[in-house]
Amino acid sequence: MSNSFKPINRILLGPGPANVHPKVLEALSKPTLGHLDPQFIELMEEIKSLLRYTFKTESGHTFVLSGPGSLGMEACLVNMIEPGDKVVVCVGGYFANRMVQIVEKIGGVAIVVKETWGRATDPQKLEDALNANPDTKVAAFVHAETSTGALSNVKVLSEIAHKHNALVVADVVTSLGATEVLVDEWQLDAVYSCSQKGLACVAGMSPVSFSERAFAHIKNRKTPIRSWFNDFNLLESYWQGSGKRAYHHTAPANQYYGLHEALRILKEEGIENAWRRHKENSAKLIKRLKDELNLEPIVPAGERIPHLLAITVPEGIDEAKVRVELLTKHNLEIGAGLGELAGKVWRIGLMGYNSNDKLVDYCVSSFKDVLKK
Ligand SMILES: *Cc1c(COP(=O)(O)O)cnc(C)c1O
């Protein structure tokens, strides 16, 4: 007979998942409801309303997909793009590269605007690509590129896209809940996020929001949406409609309780306060890593994701060994570099519930202990 699984209570300061708020863990264990139960439908309505608050949007086309952030990425792209459509994708890291792969898989023509890994996207490069490709349908970019720690100016990129009559798909997976995301003001047409980073919930849910412009664009498609699970029309018939709701898939009810609790906690704090908290704690961490350990972020000041830092590994240090020691000796998980930055950086996240003074101290003292040797 095997025993029940007992996970170690790790401190998760990597690029995600972050630690889940204790109240969210509690919410997850409440009794399960059927996915068409009237009370569950009320919960869905509340989640939609809380998500509109979180995304800063009035759009009624704001709901949740039952799957990780990558599902949101695929859903936004597969609904917005038809085979043969030109899509300009700004790529300065691993996750934007994934957007390119999806665009190509669904038959879109990807035009890649390359940026140096570790830098924010240069808006002029997007402008040049759109000038060279005036028939572009969609511009896609990542707000907070978790693989490099760079934060792009999505407001400016979106303005440029709209000036060229392209619709905008924006990845706000790492930014939502932790740094300013203003979906309506920035005119983002299709956005997606995740539950396990800034929202301090478990992984496996992807909040999405579509603008009225995106809605009209999807309704006017000449070809069918090349996905069943991600077909916006089918999803809307489950998430929308005051009276009848059509079964689409079995929503993971308990996970939705968790998401509801996470969003409720965020609203209680006030999202502007949460943005400020993330900024302040990360500023403290950056300063202390520099002053006490001479560790530096690779991203220039002004282009950094406030709550997810990529730190340059000093010469002569075995970066993997440091991560192993942090985990085994200090119970602390941080992230390695991805793609072009593999072996060159550590990635430290102070996201959601984890953005606090105590963990700034813990992170600095653990690094001190490990690097001392
Ligand atoms: C984490 C992440 C994703 C993927 O989210 P999953 O929940 O792991 O599928 C996509 N984009 C960015 C910017 C991310 O940081």
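Scan the stretch 252-262 for residues that are closer than 13 Å to L25 by Cα and either of a type in the set (F, W, Y) or in contact with a Ser or Thr (Cβ under 9 Å, 6 or more places away or on another chain) (or both) and report the count.
Taking the stretch 252-262 and keeping what is closer than 13 Å to L25 by Cα, we get 254-262.
Now drop any that are not either of a type in the set (F, W, Y) or in contact with a Ser or Thr (Cβ under 9 Å, 6 or more places away or on another chain) (or both), which leaves 254-259, 262.
Qualifying residue count for the region: 7.
Within the stretch 47-66, is there a residue that is within 14 Å of the chain's Cα centre (by Cα), within 12 Å of the ligand (Cβ to nearest atom) and closer than 28 Å to W275 by Cβ?
Checked the stretch 47-66: at least one residue is within 14 Å of the chain's Cα centre (by Cα), within 12 Å of the ligand (Cβ to nearest atom) and closer than 28 Å to W275 by Cβ.
Being more than 13 Å from the chain's Cα centre (by Cα) and within 16 Å of the ligand (Cβ to nearest atom) is the filter; apply it to the stretch 151-168 and report the residue that is nearest to V109 (Cα to Cα).
Here the answer is V168.
Do we have Q187 as more than 21 Å from L13 (Cβ to Cβ) and either modelled with pLDDT of 95 or more or within 14 Å of the chain's Cα centre (by Cα) (or both) here?
yes
Can you list residue pairs whose Cβ atoms sit under 8 Å apart, with the first residue in the stretch 327-348 being farther than 14 Å from V299 by Cβ and the second being assigned to a helix (DSSP H, G or I) and among the hydroxyl-bearing types (S, T, Y)? Count only pairs 6 or more apart in sequence or on different chains.
Filtered contacts from the stretch 327-348: K329/S366; H330/Y362; H330/S366; L332/Y362; L332/S366; L338/Y94; G339/Y94.
Pull out all pairs, ordered by first then second residue, where Cβ-Cβ is under 7 Å, the residues are six or more apart or on different chains, the first lies in the stretch 28-40 and is within 15 Å of L259 (Cα to Cα) and among the hydroxyl-bearing types (S, T, Y), and the second is modelled with pLDDT of 95 or more and not in a loop (DSSP other than H, G, I, E, B).
Close Cβ pairs (under 7 Å, with a partner that is modelled with pLDDT of 95 or more and not in a loop (DSSP other than H, G, I, E, B)) amount to T32/A253; T32/N254.
Considering only residues that are part of a loop (DSSP other than H, G, I, E, B) and within 16 Å of the ligand (Cβ to nearest atom), which ones fall in the stretch 184-198?
L188, S193, C194, S195, Q196, K197, G198
Residue-wise test of (1) touching a residue at least 60 places away in the same chain (Cβ under 8 Å); (2) of a type in the set (A, V, I, L, M, F, W, C); (3) part of a loop (DSSP other than H, G, I, E, B).
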position	(1), (2), (3)
V20	yes, yes, yes
S59	yes, no, yes
C76	yes, yes, no
E104	no, no, no
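In the stretch 169-181, what residues are within 15 Å of the ligand (Cβ to nearest atom) and either among the hydrophobic types (A, V, I, L, M, F, W, C) or in contact with a Phe, Trp or Tyr (Cβ under 8 Å, 6 or more places away or on another chain) (or both)?
V169, A170, D171, V172, V173, L176, A178, T179, V181
I'm trying to understand the selection: among the residues of the stretch 119-148, which are more than 16 Å from the ligand (Cβ to nearest atom), assigned to a loop (DSSP other than H, G, I, E, B) and of a type in the set (D, E, K, R)?
Once the filter is applied, which keeps residues that are more than 16 Å from the ligand (Cβ to nearest atom), assigned to a loop (DSSP other than H, G, I, E, B) and of a type in the set (D, E, K, R), the stretch 119-148 yields D122, D135, K137.
Could you check the stretch 203-218 and list, in sequence order, the residues that are more than 24 Å from T174 (Cα to Cα) and either in contact with a Lys or Arg (Cβ under 6 Å, 6 or more places away or on another chain) or β-branched (V, I, T) (or both)?
Result: I218, single match.
Is at least one residue of the stretch 293-312 part of a helix (DSSP H, G or I) and either of a type in the set (F, W, Y) or surrounded by fewer than 18 Cβ atoms within 10 Å (Cβ to Cβ) (or both)?
yes
The values are calculated or read from the model by the stated rules, or taken from the named source; none is laboratory data. Predicted model only: the values in this text are computed from it and were never measured. Don't worry about glycine lacking a Cβ; one is built from the backbone with ideal geometry, like all the others, and counts go over all protein chains shown.
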